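Some notes on the structure that comes next.
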Amino acid sequence: MNDADTFRPTEAPTDTDARLRALDTRLERTNELLRRMLAEVAKTPSTHAIFVDAGYVHAAAGLLVAGTEDRRSFDLDAEGLIEAFIDTARTIFADSRLLRVYWYDGARRRIHTPEQQAIAELPDVKVRLGNLNASNQQKGVDSLIRTDLESLARHRAISDAALVGGDEDLVSAVEAAQGYGARVHLWGIEAAEGRNQAEALLWEVDSQRTFELDFCRPYVTRRPVTTYENEGEPPPSREEVRFVGAQIAAAWLAERGRDRLAELLPGAPYLPGAIDQDLLVEAERLLSRSLRGHAALRRSLRDGFWQHLKAQY
């Protein structure tokens, strides 16, 4: 046996060993943090939101139930319909909580109508308004939907989005939300004939659901058609119609008060659709004459209505 075999020294720890032990320690700490994070995620319920294009709902439900897309021809129980949407979502997303319902509609100068204000006051409902042009077409609603969908998905505020709409312009909103990991579920209303949702939109979403006639019927009520006698007589004069407009304004103000008047005035000379329709129906009742097809007389009616209201402010 030689000296080398008898006196072999113990090898000292190297820098590599120290680095490996430090790396093991850091990995263990990282794994512990991941375990804690996953445990917290498991405790946190998923969240869903409902995005409703009110223009689509009015058009599709009105055509299906009342046979018309004209909002002036029927009443929509928005509160009841929203509750039905919430109940449906509660069934589908059983282990998820509702963030809120977003209700997108159009209004002139983005000023809430009384009906939109009533919807905005509902719990868990947020009304978002686009503009309404001279042809009563919504402008800017699709961009509002995209902004909200993308923002909520990006901040992980929702895991699922129920989208009630049908416009192809919503495809980009769906893609944006999905890009951040949210699932988008398209809800639609049965088409009276053909299809009322864009194919491109149907292709992009994660699931689809259609609400049929029986679901929609309780929330749509057709307004009665009033018949008038003596239709062969000449129409009333502009002054007579203007006076009737002022009468109706006085009754409207007595019933609703000055606070509601202050809300209505910024929209002058336009009237919210529902108020304009009620004004016409009441004027025809008082005159016992139809004003349909008499654009000049209807302008006189609105002039009388506004003239009285402005005089009282």
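Scanning segment 191-214 for residues that are touching a strand residue (DSSP E or B) at 6+ places or on another chain (Cβ under 6 Å) and either surrounded by fewer than 14 Cβ atoms within 10 Å (Cβ to Cβ) or of a type outside the set (V, I, T) (or both) gives Q197, D206, S207, Q208, R209, T210, F211.
Mind listing whichever residues of segment 278-313 are part of a helix (DSSP H, G or I) and either surrounded by fewer than 17 Cβ atoms within 10 Å (Cβ to Cβ) or touching a strand residue (DSSP E or B) at 6+ places or on another chain (Cβ under 9 Å) (or both)? If the condition is that a residue be part of a helix (DSSP H, G or I) and either surrounded by fewer than 17 Cβ atoms within 10 Å (Cβ to Cβ) or touching a strand residue (DSSP E or B) at 6+ places or on another chain (Cβ under 9 Å) (or both), then D278, V281, R285, L286, A295, A296, R299, D303, Q307, K310, A311, Q312 are the ones that fit. Set side by side, the residues V220, V141 differ, and just one is closer than 24 Å to R90 by Cα and surrounded by 18 or more Cβ atoms within 10 Å (Cβ to Cβ), which is V220.
Residues in segment 38-47 include at least one that is in contact (Cβ under 8 Å) with a residue 40 or more places away in the chain and open to solvent by less than 20 Å² (accessible area, probe 1.4 Å). Check whether at least one residue in segment 267-274 is surrounded by 16 or more Cβ atoms within 10 Å (Cβ to Cβ), at pLDDT 80 or above and in contact with a helix residue (DSSP H, G or I) (Cβ under 9 Å, 6 or more places away or on another chain), and report yes or no. No: segment 267-274 contains no residue that is surrounded by 16 or more Cβ atoms within 10 Å (Cβ to Cβ), at pLDDT 80 or above and in contact with a helix residue (DSSP H, G or I) (Cβ under 9 Å, 6 or more places away or on another chain). Scanning segment 208-237 for residues that are touching a helix residue (DSSP H, G or I) at 6+ places or on another chain (Cβ under 9 Å) and modelled with pLDDT of 90 or more turns up Q208, R209, F211, E212, L213, F215, C216, R217, P218, Y219, V220, T221.
Can you name the residue in segment 255-266 that is charged (D, E, K, R) and without any contact (Cβ under 8 Å) to a residue 40 or more places away in the chain and, of all such residues, is surrounded by the most Cβ atoms within 10 Å (Cβ to Cβ)? Per the stated criteria, the residue is R256.
You will find that of G188, G166, the residue that is in contact with a helix residue (DSSP H, G or I) (Cβ under 9 Å, 6 or more places away or on another chain), open to solvent by less than 60 Å² (accessible area, probe 1.4 Å) and modelled with pLDDT of 95 or more is G188 and no other.
Residue pairs whose Cβ atoms lie under 6 Å apart, sitting 6 or more positions apart in sequence or on different chains, and linking a residue in segment 153-178 that is closer than 12 Å to A198 by Cβ to a partner that is of a type in the set (A, V, I, L, M, F, W, C) and open to solvent by 10 Å² or more (accessible area, probe 1.4 Å), are E168/A198; E168/A200; V171/A200; V174/V205.
Can you tell me which residue in segment 89-132 is surrounded by the most Cβ atoms within 10 Å (Cβ to Cβ), limited to those that are part of a strand (DSSP E or B) and among the basic types (K, R)? Among those that are part of a strand (DSSP E or B) and among the basic types (K, R), it is R128.
The values are calculated or read from the model by the stated rules, or taken from the named source; none is laboratory data. Keep in mind it's a predicted model, so treat the numbers as computed, not measured. In this analysis, Cβ positions are derived from the backbone assuming ideal geometry, glycine residues included, and neighbour counts consider all displayed protein chains. Areas reflect the complete protein model, heavy atoms only, side chains present, ligands, DNA and RNA absent. Shrake-Rupley method; radii C 1.70, N 1.55, O 1.52, S 1.80 Å.
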